[in-house]
1. Whole number please: convex hull volume per residue, Cα atoms of the chain, in Å³.
2. Taking 0.36 nm per intervening residue step and subtracting the Cα-Cα distance, what contour gain separates residue 66 from residue 137 on full extension?
3. DSSP loop trypsin sites (Lys or Arg not before Pro) in segment 10-64 with at most 15 other Cβ atoms within 10 Å of their Cβ, which ones?
4. Per-residue counts of other Cβ atoms within 10 Å, averaged by peptide: what ranking do you get for 98-105, 28-35, 82-89, 5-12, highest first?
5. Calculate, for segment 52-141, the solvent-accessible area per residue in square angstrom, rolling a 1.4 angstrom probe over the heavy atoms of the protein chains.
6. State the percentage of accessible surface on segment 89-141 attributable to carbon and sulfur atoms; use a 1.4 Å probe and exclude ligands, DNA and RNA.
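The values are calculated or read from the model by the stated rules, or taken from the named source; none is laboratory data. Fair warning: this is a prediction, and the values are worked out from it, not measured in the lab. Please note: Cβ atoms are built from the backbone with ideal geometry, for glycine as well, and neighbour counts cover all protein chains shown. Note: accessible area is taken over every heavy atom of the protein model, side chains too, but ligands, DNA and RNA are not part of it. Shrake-Rupley method; radii C 1.70, N 1.55, O 1.52, S 1.80 Å.
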Amino acid sequence: LLLVGITGLTIYSRLLFHVLTPASYEAAAFLIPWLGLGTIAWGLSSVVGIGNSFAKKNYHVLIGTFLGAIINIGLNIWIIPLYGINGAAIAMMCGHVVALTYRWITGQKNFPVPLQYNKLIQLVGLSGLALFLNFSIDKFF
């Protein structure tokens, strides 16, 4: 549900920024998908990593957070000079995805939780396609 919300927010972000903020802020609409997806990844890491808590191996939360922070800092050093604030948003999202991935893998090893991977892949694919089309169309306007 959050992914659908972030996709919709991203599609209408330029319009929302145009209506709600001064023109100088409209470029920040590009940040919405990266910040939104990063926030979703961080929130999901608690859900998919619940097996670590059941197994009383909470140190995996620390390790996942540390790995995500290292990736975030490294990418910030590399990407911010190239892309500015947009690079910072992308780096943050990548760091959260790394933390999510680590906590997902360790959580599944400690306490397997059945997930509907087909529906998840379809939802991510459709959202990705909608975002790609949105950014492709935005280039013409």
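1. Residue-normalised Cα hull volume stands at 113 Å³.
2. Numbers: separation 71, 0.36 × 71 = 25.56 nm, distance 3.76 nm.
Length gained, residue 66 through residue 137: 21.8 nm.
3. Values: sites: 14, 56, 57; in loops: 56, 57.
Sparse-neighbourhood loop trypsin sites (Lys or Arg not before Pro): 56.
4. Working: 98-105: 20.9, 28-35: 19.1, 82-89: 14.8, 5-12: 17.0.
Order by mean packing, descending: 98-105, 28-35, 5-12, 82-89.
5. Values: 6160 Å² over 90 residues.
Value returned for segment 52-141: 68 Å² of accessible area per residue.
6. Values: 2700 of 3560 Å².
Ligands and nucleic acids excluded, carbon and sulfur reach 76 percent.
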